[in-house]
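Participant: To start, I am sharing the structure in question, which I have written as C-alpha cells.
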Amino acid sequence: DLLWDPTRLKIESRSNFSSARANACVYKGKWMYEVTLGNCGIQQIGWATIDCPFTFEEGVGDAPDSYAYDGKRVRKWNVSCHSYGQTWATGDVIGCCIDLERGEISFLRNGESLGVAFTDVRRAREGLAYFPAFSLSQGEKAELNFGGRSFLYPVPGFRPLQGPATEQAAQADYLLGCLRRLMQLSPIAHDHSSLLPINFAYQAFDASDVVLSCGLVAKHLWPLLRMDYVVSTVFVPFLLSMLSPLEDLSNVPYFANMFFPVLEEFETVEVVGKLFDSLASLYKTSPFTSTVGCTPPGYRYLKLALDLMRIPGVFAAWKAWPSFYSQF
C-alpha cells in the first residue's frame, strides 16, 4: 500500500512492506535512475523483472532476477543478502545503475560509487527486461527521478530512462534571455536598486510595449516551464542569477511582477508549483557543511524561495498546487 503524490514520483509506504515498479523497462544498454531518501529506514531499491512477486513480507531483491541495495542494514539483496555499501541518511541521493552489456548492477551514494553490487545479471533472453523497482517499510518515503529532472549525480555512459528535454531547455533559455533584455529596456520600477543596467539606447520602449512583448514571450515560455527538466536546469539557475546578498538588490520580484501577471491563473499555479517542487528537491539534496563562516550550499535555494514568497500572489498560487501539502 503506497501513497503517491500527484506527480507519481514521491512515494510513502503505508503498510509493513510496500513495493512498486516503474512503467518502463530496459533489456539492453546502460541505464540509471536516482532515488532521494525521504527518511533513512529500511528500503530495498534496485531493479526487478516483471516476474518478481511483491508481498507484504517480500519485495525487490527477495526473488530471482531482482536486485536491491538497502543502506539501513548495509546489505545487497538477491534472494540472499550480503554486506555492501554504506549506511545511508535522510536526504541521500542513491544512484541505481544497470549495465546490461556486462551484466552488472551498481549503486552510488551522493555521487560516490559503492562499487559493483551484482555480476552475471541474466540478460539476452526473450522477454527478460528489468524495471526500476523499490520496496519500502512502513512510513518510509522516497522521491524518484528517472530523468524528468537533471540527475544530481549523472554517471558517464549511463542513460536516464526518461530522455532529457534538451531541445525544450534550449528554447526556454533563449526566451528567458529575451525577458532579461526586456527588463533592461523597461522604464517601469527600474531605479537605483536594480542589478540590471538600463539600456538607454532603446528608451523608445514605453510601459505598454514592454507588457505586450512580455505577454508574447510568456505564452511561448509557459508550455516549456511545465517540464520538470526545464525548470530545474534552466528556470531555477536563471532566477538564482538574479539574487543578491542584499535583499533590496534582488531582481527576482521585478522579474516576477513582469512575468506572472501576463499568465492565466492556472498557468501561474503550475509554474509556481513546479518551481517550488524543484527548489524543495534541490534544497533537501544539497550537501551539508559545518564549516564556520561558510554559507551552506542549499542556502541560495532557500533564499530564492523566500524572495518569491514575498511577492504578492505567489504563495497563494503555491498553495493551490496539488503537491503543496506533501512538502511538509
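Participant: Would you work out if segment 80-148 is rounded, prolate or oblate? Take a ≥ b ≥ c from the square roots of the eigenvalues of the alpha-carbon gyration tensor; rounded if a/c is under 1.5, else prolate when a/b is larger than b/c, oblate otherwise.
Facilitator: Verdict is prolate for segment 80-148.
Participant: List, in order, the whole-Hz ³J(HN,Hα) value for each residue of segment 102-110 obtained from phi through the Karplus relation with A = 6.51, B = -1.76, C = 1.60 and θ = phi - 60°; use x for Gly and Pro.
Facilitator: Using θ = phi - 60°, the values come out as 9, x, 10, 10, 9, 9, 10, 10, 6 Hz.
Participant: Could you pull out the pairs from 284/319; 30/76; 10/274; 28/274 whose alpha carbons sit more than 22 Å apart here?
Facilitator: Details: 284/319 20 Å; 30/76 20 Å; 10/274 14 Å; 28/274 33 Å.
Violating the 22 Å Cα-Cα cut-off are 28/274.
Participant: Tell me, what is the 1.4 Å probe accessible area of residue 314, in Å² to the nearest 10?
Facilitator: Residue 314 has an accessible surface of roughly 10 Å² with all protein chains in place.
Participant: List the residues, sorted by chain then number, that are 5 or more residues from residue 263 or on another chain and whose placed amide H is less than 5 Å from its amide H.
Facilitator: Under 5 Å from the amide H of residue 263: no residue qualifies.
Participant: Relative contact order for the chain: what percent, with Cα pairs under 8 Å and sequence separation of 6 or more?
Facilitator: RCO, the chain: 16 percent.
Participant: Would you please give the FRET efficiency between residue 173 and residue 3, computed as 1/(1 + (r/R0)^6) with r the Cβ-Cβ distance and R0 = 45 Å, to the nearest 0.05?
Facilitator: Here the calculated transfer efficiency is 0.80.
Participant: Can you list residues whose amide H is under 5 Å from residue 5's amide H, if they're 5+ apart or on another chain and H is modeled 1.01 Å from N?
Facilitator: Answer set, sorted by chain and number: 10.
Participant: Turning to a different aspect of this structure: Amide H to amide H, which residues 5 or more places from residue 63 or on other chains are under 5 Å from it, using H placed in the peptide plane?
Facilitator: 79
Participant: Per residue, what accessible area does segment 1-132 have, given a 1.4 Å probe and all protein chains present, in Å²?
Facilitator: Counting only protein heavy atoms, the per-residue value for segment 1-132 is 45 Å².
Participant: Moving on to the next point. Roughly how many nanometres apart are two label points built 7 Å out from the Cα toward the Cβ at residue 211 and residue 56?
Facilitator: 6.1 nm
Participant: Rounded to the nearest 0.05, what FRET efficiency is calculated for residue 180 and residue 122 with R0 set to 45 Å and r the Cβ-Cβ distance? Numbers along the way, then the final one.
Facilitator: Values: r = 52 Å, r/R0 = 1.16.
Approximately 0.30, to the nearest 0.05.
Participant: How many percent of Cα pairs in segment 1-137 exceed 28 Å?
Facilitator: When all Cα pairs of segment 1-137 are counted, 9 percent exceed 28 Å.
Participant: Tell me, what HN-Hα J-couplings in whole Hz come from the Karplus equation 6.51 cos²θ - 1.76 cosθ + 1.60 at θ = phi - 60° for each residue of segment 128-136, using x for Gly and Pro?
Facilitator: Calculated HN-Hα couplings, in order: 9, 9, 10, 9, x, 9, 7, 10, 10 Hz.
Participant: Tally Lys/Arg at +1 and Asp/Glu at -1 over every other residue whose Cβ is under 11 Å from the Cβ of residue 101; what's the total?
Facilitator: Working: positive: 28, 30, 102, 123; negative: 99, 104.
Net local charge, residue 101 excluded: +2.
Participant: Each residue of segment 65-72 in order: what ³J(HN,Hα) in whole Hz does its phi give by Karplus 6.51 cos²θ - 1.76 cosθ + 1.60, θ = phi - 60°, with x for Gly and Pro?
Facilitator: Values, residue by residue: 6, 9, 9, 9, 10, 10, x, 6 Hz.
Participant: Also, I was wondering about something else. Counting only DSSP beta bridges with both residues in the chain, what percent are antiparallel, rounded to the nearest 5?
Facilitator: Bridges in the chain are about 95 percent antiparallel.
Participant: Please list 10, 72 from largest to smallest accessible area, probe radius 1.4 Å, with all protein chains kept in place.
Facilitator: Sorted descending by solvent-accessible area, the residues read 72, 10.
Participant: Would segment 46-103 count as rounded, prolate or oblate if I go by the C-alpha gyration tensor, calling it rounded below 1.5 in a/c and otherwise prolate when a/b exceeds b/c, oblate otherwise?
Facilitator: Oblate, since a/c reaches 1.5 and b/c is not below a/b.
Participant: Under the classification rounded if a/c is under 1.5, otherwise prolate if a/b is larger than b/c and oblate if not, where does the chain fall, given a ≥ b ≥ c as square roots of the Cα gyration tensor eigenvalues?
Facilitator: The shape class here is prolate.
Participant: Using a 7 Å offset from Cα along Cα-Cβ at residue 81, what residues in segment 17-60 end up with backbone N under 18 Å from the label point?
Facilitator: Counting backbone N atoms under 18 Å from the label point, the list is 17-20, 39-48, 53-60.
Participant: Also, I was wondering about something else. Of all accessible surface on the chain at a 1.4 Å probe, what whole percent is carbon and sulfur?
Facilitator: 56 percent
Participant: Using a 1.4 angstrom probe and counting only protein chains, how large is the accessible area of residue 258 in Å², to 10?
Facilitator: We get 30 Å² for residue 258.
The values are calculated or read from the model by the stated rules, or taken from the named source; none is laboratory data. What you are looking at is a predicted structure, and each value in this text was computed from that prediction instead of being measured. Every residue, glycine among them, receives a Cβ derived from its backbone with ideal geometry; neighbour counts consider all protein chains shown. Ligands, DNA and RNA are excluded from the accessible area calculation, which covers all protein heavy atoms including side chains. Shrake-Rupley method; radii C 1.70, N 1.55, O 1.52, S 1.80 Å.
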